[in-house]
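Here's the structure, in structure tokens; my notes come after.
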Amino acid sequence: MSNAHFNRGPAYGLSAEVKNKLAQKYDPQHERELRAWIESTTGRRIGDNFMDGLKDGVILCELINKLQPGSVPKVNEPVQNWHKLENIGNFLRAITRYGVKPHDIFEANDLFENTNHTQVQSTLIALASQAKTKGNNVGLGVKYAEKQQRRFQPEKLREGRNIIGLQMGTNKFASQQGMTAYGTRRHLYDPKLGTDQPLDQATISLQMGTNKGASQAGMTAPGTKRQIFEPALGMEHCDTLTIGLQMGSNKGASQTGMTVYGLPRQVYDPKYCGGPELLGLDGCDGHGGLYNSQ
């Protein structure tokens, strides 16, 4: 089975745009640095095409075996394509155990089918950074920071709960001097104006008004109508206890004819009854008819 069987055809549309963007991120300078590091570590020369030289997975497996011996016990000879894919898969599992983060690792098809050489390059740079962190002499990548873990005793952790951090502010030098009772007005005193400093915190300034000379003369009960009197208009004083005729009148009113609360009231019509004097106390007329409003 030839390699051409696994090569994909040309991409079109959105797939072509994505492939072109990924190809633009590929760095030739990093390729030269990776080539020099891999060849010096493994002792094997990579061909002119960098990615084609790594596609069988043999050099990659030898690289991780140099960094961590025994990572890939068996390296397959690149006789058939599945041997190459197996070598690439063994390399990816080995660098995961070596410490490379899963999000930095490419997929086997990214290299074997030439779909994402940029991700393959990023994985090799992450592997070089991990090797530099472990003390290997690597000329590329970055050295990862070592984990600094702190362990505190439970007693120390409980003491920290009683301390307010400076990020929350501080209450040093704070006092309640000059504080008034809750809801009491506080005075503003400016010595430049020559005003006297208030003697106490309960004094009400004239800006708030004054209640001196105040009385309740002329005040009526809550809800009572108050009269408006204007001497310039020749208006006369009105008695606040008198109910005006606009409100109606209760003169001549009585409770004659009122029944006990809840009792039915009789309806009288002279067309059908001889007179109201014929109605009996039991609610019936002289002929036995009932006249009830209910």
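The values are calculated or read from the model by the stated rules, or taken from the named source; none is laboratory data. Here the structure is a predicted model, which is why all the values come from computation and not from measurement. All Cβ positions, even for glycine, are placed from backbone atoms using ideal geometry, and neighbour counts span all protein chains on display. All accessible areas refer to the heavy atoms of the entire protein, side chains included, with ligands and DNA or RNA removed. Shrake-Rupley method; radii C 1.70, N 1.55, O 1.52, S 1.80 Å.
Extending 7 Å from the Cα toward the beta-carbon at both S40 and Q68 defines two label points whose distance is 2.3 nm. Residues W82, W37, ordered by accessible area of protein heavy atoms at a 1.4 angstrom probe radius and largest first, appear as W82, W37. Model label sites at K101 and M168, defined 7 Å from Cα along the beta-carbon direction, differ in position by 3.3 nm. In this calculation the C-beta distance from E77 to N49 is compared with R0 = 35 Å, giving a FRET efficiency of 0.95. Between Y144 and L233, the simple label model (points 7 Å from Cα in the Cβ direction) yields a spacing of 9.2 nm. Name the trypsin sites (Lys or Arg not before Pro) in region 95-151 that are in a loop by DSSP and that have at most 10 other C-beta atoms within 10 Å, would you? Counting only loop positions with at most 10 other Cβ atoms within 10 Å, the trypsin sites (Lys or Arg not before Pro) in region 95-151 are K147, R150, R151. Taking chymotrypsin sites (Phe, Trp or Tyr not before Pro) across region 84-161, the ones in a DSSP loop with at most 14 further Cβ atoms lying within 10 angstrom of their Cβ are Y144, F152. Of the GluC sites (Glu not before Pro) found in region 59-158, the ones in coil according to DSSP and having at most 10 other Cβ atoms within 10 Å of their Cβ are E146.
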